[in-house]
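The values are calculated or read from the model by the stated rules, or taken from the named source; none is laboratory data. These numbers were taken from a predicted model, which means no experiment stands behind them. Neighbour counts run over all protein chains shown; Cβ positions are idealised from the backbone, glycine included.
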Amino acid sequence: MTRVLVPEQIAGAVPWLGARVQRLRGESMGTTWQVLWADGDAARHDEVRAAIEAELDLVVAQMSTWLPTSDLERFNAAPAGTRRALPEALAEVLAAALWLADASSGAFNPAAGALVNLWGFGPAPRYTDPGFAPPDAAAVQAALAGTDWRALRFDAATREATQPGGLRLDFSAIAKGHAVDRVARRLGELGIAHTLVEVGGELLGQGLRPDGMPWWVDLETPPVGSGHARPRATRVALHGLSVATSGDYRRAYLHGGWRLPHSLDPRTGQPVAHGLASVSVLHAECLWADAWSTALTVAGREAGVALAEAHGIAALFVQREPDGCLTETLTSAMERLAG
């Protein structure tokens, strides 16, 4: 039986008579995006697309680690002691990332860029490149030395940050969520209140569909081996809610018989190996759903559940057991959505 998660209140005006679901798709941030909205005027597509792409382009220009001219990469390349004024969006995301780094005791770490690159999940070298091999212990220890987010001096009031030297910021675990929030806000400014925004699998739903129903989405379920039952399907009413899922099945590679997922523990410098297959987080803001799903994945089931409970986070943990079965754990906040 499908589990259904619904916010405590579904309220607001139903889209006007004659409204239909409009849809646009595209590519950005190394992935795809999709926006659905309730409107009776299909002629607005050009206007809406321009607004969406402007917000996504802004996130890329400020936060991409793949673009050498981005504000983030210019900060990463700056000499020790360089103090830079950051653009507003970059500063907003950095402030959130540093807060979560403290709250999670480093399970989430925006200064882990050197590790991301070392393991082949950054721009270059890539784990997909011919001849790529995982780093040895000495290389991991050398990279860990430059991942202390507390060494970064950041003044949120003035939006100024000082490069301590060799520190590489990486927002790959939070920037997509922020992009979703920005697109949704921009559409609201255009008078489009009933929307479903998706960037690379992170989603935010606002308002209602033309039929008066919320935007229904199904949570990702990790793959299971032959002979094992799939986890219970979960359907969510995204009405003023966002969802993000982190999993060990999304990006990974095999080396020496070991499967190495892209989820890295920035405290040890190693890929996570505690058997947590996925974590899905529901939150009012997609930035936080995106970032929390990563933090809880790194923390592991026991520590992750405790951390989520301490902060009232609605999360669904799917654990890969030694026998290949998948078991689920819901936090209290997630249980309440299940009624």
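Which members of the stretch 212-239 meet the condition of being of a type in the set (Gly, Ala, Ser) and either at pLDDT 95 or above or closer than 30 Å to PRO322 by Cα (or both)?
As a first pass, look at the stretch 212-239 and keep what is of a type in the set (Gly, Ala, Ser): 212, 225-227, 229, 233, 237.
Scanning the stretch 212-239 gives GLY225, SER226, GLY227, ALA229, ALA233, ALA237.
Residues that are surrounded by fewer than 22 Cβ atoms within 10 Å (Cβ to Cβ) and not hydroxyl-bearing (Ser, Thr, Tyr), at least 3 per element: which helices (runs of 4 or more DSSP H) completely within the stretch 273-339 meet that?
Values: elements: 286-299, 301-310, 332-337.
Ranges flagged: 301-310, 332-337.
Yes/no matrix, rows are residues, columns are (1) within 30 Å of ASN117 (Cβ to Cβ); (2) touching a Leu at 6+ places or on another chain (Cβ under 7 Å); (3) not aromatic (Phe, Trp, Tyr):
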{"site": "PRO7", "(1), (2), (3)": "no, yes, yes"}
{"site": "ILE10", "(1), (2), (3)": "no, no, yes"}
{"site": "ARG20", "(1), (2), (3)": "no, no, yes"}
{"site": "GLU27", "(1), (2), (3)": "yes, no, yes"}
{"site": "ARG44", "(1), (2), (3)": "no, no, yes"}
{"site": "ALA51", "(1), (2), (3)": "no, yes, yes"}
{"site": "LEU58", "(1), (2), (3)": "yes, no, yes"}
{"site": "PRO68", "(1), (2), (3)": "yes, no, yes"}
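Can you go through LEU196, LEU276 and tell me which one is in contact with a Gly (Cβ under 9 Å, 6 or more places away or on another chain), farther than 30 Å from ASP129 by Cβ and modelled with pLDDT of 85 or more?
Values: LEU276 fails: farther than 30 Å from ASP129 by Cβ.
On inspection, the qualifying residue turns out to be LEU196.
What's the number of the condition ALA157 fails, among (1) among the aliphatic types (A, V, I, L, M); (2) crowded, with 21+ Cβ neighbours inside 10 Å; (3) part of a loop (DSSP other than H, G, I, E, B)?
For ALA157, the exception is condition (2).
Within the stretch 138-154, track down each residue that is out of contact with any helix residue (DSSP H, G or I) (no Cβ under 8 Å at 6 or more places or on another chain), assigned to a helix (DSSP H, G or I) and of a type in the set (A, V, I, L, M, F, W, C).
ALA138, ALA142, ALA151 - these are the residues of the stretch 138-154 that are out of contact with any helix residue (DSSP H, G or I) (no Cβ under 8 Å at 6 or more places or on another chain), assigned to a helix (DSSP H, G or I) and of a type in the set (A, V, I, L, M, F, W, C).
Of all the residues that make up the stretch 149-181, how many are within 21 Å of the chain's Cα centre (by Cα) and of a type outside the set (A, V, I, L, M, F, W, C)?
We begin by selecting, within the stretch 149-181, every residue within 21 Å of the chain's Cα centre (by Cα); these are 149, 168-181.
Imposing the further condition that a residue be of a type outside the set (A, V, I, L, M, F, W, C) reduces the set to 168, 170, 172, 176-178, 181.
Total meeting the criteria: 7.
Is it the case that LEU187 is over 16 Å from the mean Cα position of the chain (by Cα), within 29 Å of GLY12 (Cβ to Cβ) and at pLDDT 95 or above?
Working: over 16 Å from the mean Cα position of the chain (by Cα): yes; within 29 Å of GLY12 (Cβ to Cβ): yes; at pLDDT 95 or above: yes.
Yes.
Would you be able to say whether some residue in the stretch 166-173 is surrounded by fewer than 16 Cβ atoms within 10 Å (Cβ to Cβ), touching a residue at least 60 places away in the same chain (Cβ under 8 Å) and over 21 Å from GLY30 (Cα atoms)? Reasoning before the result, please.
Of the residues in the stretch 166-173, the ones surrounded by fewer than 16 Cβ atoms within 10 Å (Cβ to Cβ) are 166.
Remaining after also requiring touching a residue at least 60 places away in the same chain (Cβ under 8 Å): 166.
Narrowing further to those that are over 21 Å from GLY30 (Cα atoms): 166.
The answer is yes, given that some residue of the stretch 166-173 is surrounded by fewer than 16 Cβ atoms within 10 Å (Cβ to Cβ), touching a residue at least 60 places away in the same chain (Cβ under 8 Å) and over 21 Å from GLY30 (Cα atoms).
Which numbered condition in (1) in contact with a Pro (Cβ under 8 Å, 6 or more places away or on another chain); (2) farther than 28 Å from ALA295 by Cα is the only one that LEU98 fails?
(2)
Quickly run through the stretch 187-220 and pick out the residues that are buried (at least 20 other Cβ atoms within 10 Å of the Cβ) and either among the polar types (S, T, N, Q) or part of a helix (DSSP H, G or I) (or both).
LEU187, THR195, GLN206 - these are the residues of the stretch 187-220 that are buried (at least 20 other Cβ atoms within 10 Å of the Cβ) and either among the polar types (S, T, N, Q) or part of a helix (DSSP H, G or I) (or both).
Looking only at the stretch 117-126, count how many residues are touching a residue at least 12 places away in the same chain (Cβ under 8 Å) and assigned to a loop (DSSP other than H, G, I, E, B).
Kept after step one, since they are touching a residue at least 12 places away in the same chain (Cβ under 8 Å), are these residues of the stretch 117-126: 117-123.
Now restrict to residues that are assigned to a loop (DSSP other than H, G, I, E, B): 119-123.
Total satisfying the criteria: 5.
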